[in-house]
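A quick write-up on the structure given underneath.
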Amino acid sequence: HNEKGGDGDTDENDSDNDTINFNNNGDISSDAVGHYRIPSSSLYNSVAVGGTWDGVHYGHRKLLTLAISSVVPNVGKLCIGITTDEMLKQKDFAELIPPLKERIRGVRNFVDALAPGMKNRIKIVPIVDAYGPPGASVAEGSKKNVYVGIENDFDALVLSHETLPTGNKLNQYRVETLGLEPLKLLCTRRTEAHGMSSTVLRKMRSQSRQSKSGLREKSQSSDEITDKVG
């Protein structure tokens, strides 16, 4: 998958033309997603994807679809990292980001509906650092590994072109610091001419709130004037 597109801050578009094919086990077909046949050489045993997941919009759905479709059928697994509330305090319009539990629920509902046969092979993990489980120490008894129960045996990472530099840094860290193999980086492709990121969508919601608040204040002022005149 050398596709480019969106991630935790991904594209949003109202038209979703992706179609998913399922096999008899309820998994996504191992060789078909949308109209693109996925060769077995592009399937991985342990796939990771991460983000804020502020509302599962079109760009997020593309990311999760690519992640699920890149997992080896029946035995492969997927780890979905979701940034904790604490990690998001410095993000633009952070006050408009839903709490972690709500974001986890949105992602879980989507992936369970998309690939019900993979429920037991998909883990959703709150991430508390820049790299998440793929950047966790594999040294036995290491205190640096905060992701207990998640084995760092990943062989692929799904991400957007916006976060590709972070993926490259993660690979460098894995090789130079952890002594691990670099991950195969799988990027979604931006196909929307007017895609909007999660940040842009939060900005629009903020502006909408401010506009409504301004209208309410004007209405109240008008009522007060009317009362005084009356």
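Numbers below:
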| read-out | value |
| --- | --- |
| Check on Tyr58, surrounded by 17 or more Cβ atoms within 10 Å (Cβ to Cβ), over 18 Å from Ala48 (Cβ atoms) and of a type in the set (Phe, Trp, Tyr) | yes |
| Close pairs (8 angstrom Cβ cut-off, 6 or more residues apart or separate chains): within 12 Å of Val138 (Cβ to Cβ) and touching a residue at least 40 places away in the same chain (Cβ under 8 Å) in region 159-184, of a type in the set (Lys, Arg) and part of a helix (DSSP H, G or I) anywhere | Leu180/Arg174 |
| Filter result (open to solvent by less than 40 Å² (accessible area, probe 1.4 Å) and of a type in the set (S, T, N, Q)) within region 73-128 | Thr83, Thr84 |
| Of all residues making up region 144-167, the number that are closer than 23 Å to Leu43 by Cα and part of a loop (DSSP other than H, G, I, E, B) | 7 |
| Hits in region 145-197 (condition: open to solvent by 20 Å² or more (accessible area, probe 1.4 Å), modelled with pLDDT under 90 and not β-branched (Val, Ile, Thr)) | Asn145, Gly149, His161, Glu162, Arg189, Arg190, Ala193, His194, Gly195, Met196, Ser197 |
| Residue ranges of strands (runs of 3 or more DSSP E) in region 9-84 with at least 3 members modelled with pLDDT under 95 and at negative phi | 20-22, 28-33 |
| Scope region 131-143; condition surrounded by 13 or more Cβ atoms within 10 Å (Cβ to Cβ) and part of a loop (DSSP other than H, G, I, E, B); matching residues | Tyr131, Gly132, Ala136, Ser137, Val138 |
| Residue list for region 90-119, restricted to those being modelled with pLDDT of 95 or more and of a type in the set (S, T, N, Q) | Asn109 |
| Any hit, region 88-104, residues being in a helix (DSSP H, G or I) and in contact with a Phe, Trp or Tyr (Cβ under 6 Å, 6 or more places away or on another chain) | yes |
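The values are calculated or read from the model by the stated rules, or taken from the named source; none is laboratory data. All figures in this text were calculated on a predicted structure; none of them were measured in a lab. Because the Cβ atoms are built from the backbone with ideal geometry, glycine has one as well, and the counts that use them run over all protein chains shown. Surface areas here come from the heavy atoms of the whole protein model, side chains and all, with no ligands, DNA or RNA. Shrake-Rupley method; radii C 1.70, N 1.55, O 1.52, S 1.80 Å.
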